[in-house]
Amino acid sequence: TATNVRNRTSGRLLYSVNGAASNPFAGGTLCLNSPWRGTPIVGSGGSAKPVVDCSGFWTYDLNTELQAQPGPQAGDTLHCQWMGRDPGFAPPDNYALTSALELTLLP
C-alpha cells in the first residue's frame, strides 16, 4: 500500500527480481533493475473532485501476482515501487514515484 497519494489518480506496483537500481525517470528515480513487471492499475480514491489533496492510497494484494505463472518464487528478493500519474506536473514529469521496498519471499 502507498499512502498520501494524490486523490483520484491511477497507479500500479512495479516489481523486479533483478535487483535495485537508481535510474532517472520522469523527474524522479526508478529504483528497479529491468526487466520489471507491473500489477494491474488501481485507483487511489480519496476526496471527491473538485478537491485536490493527498487523501488517496494505492493498494494491491501481491499474493495475486505470486500465484501467476511464471511469477516470483519462494526465495526470490523483490524490489518494489509504486508508480502513477500526477496531473499536478507537466509532461514528461507528470509521474509519481514512491520510495522503494525490498522484500524476500518465504515459502
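Summary table below
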{"item": "GLU65 accessible area, 1.4 Å probe, all protein chains in place, Å² to nearest 10", "result": "30"}
{"item": "Per-residue HN-Hα couplings for region 2-7 [Karplus 6.51, -1.76, 1.60; θ = phi - 60°; Hz; x = Gly/Pro]", "result": "10, 10, 6, 8, 4, 5"}
{"item": "Measure of compaction for region 1-102 (Cα Rg per 2.2 N^0.38 Å)", "result": "1.11"}
{"item": "Gaussian network model of the chain, Cα within-10 Å springs - most flexible of ASN63, ASN23, ASN94", "result": "ASN63"}
{"item": "Within a Gaussian network of the chain (alpha carbon springs, distance under 10 Å), most fluctuating of GLY45, GLY11, GLY75", "result": "GLY75"}
{"item": "Dipole magnitude (debye, nearest 20) for the chain, charges at Cβ of Lys, Arg, Asp, Glu", "result": "300"}
{"item": "For THR1, solvent-accessible area (1.4 Å; no DNA, RNA or ligand), Å²", "result": "110"}
{"item": "Cα-based shape type of region 25-85, given that a ≥ b ≥ c are square roots of the gyration tensor eigenvalues and the cut on a/c is 1.5", "result": "oblate"}
{"item": "Relative contact order %, the chain, counting alpha carbon pairs below 8 Å whose residues are six or more apart", "result": "34"}
{"item": "Tensor-based shape of region 60-101 (alpha-carbon gyration tensor, a/c under 1.5 rounded, otherwise prolate or oblate)", "result": "prolate"}
{"item": "MRE, 222 nm, helices only [DSSP H, n ≥ 4, -39500 (n - 2.57), over the chain, to nearest 500]", "result": "-1500 deg cm²/dmol"}
{"item": "³J(HN,Hα), Karplus 6.51/-1.76/1.60, whole Hz, each residue of region 84-93, x for Gly, Pro", "result": "x, 7, 10, x, x, 10, 7, x, x, 9"}
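The values are calculated or read from the model by the stated rules, or taken from the named source; none is laboratory data. No experiment lies behind these values; they were computed from the predicted model shown. When we count neighbours, we look across all protein chains shown, and the Cβ atoms used for this are built from the backbone with ideal geometry, even at glycine. SASA here: full protein model, heavy atoms, side chains in, ligands and nucleic acids out. Shrake-Rupley method; radii C 1.70, N 1.55, O 1.52, S 1.80 Å.
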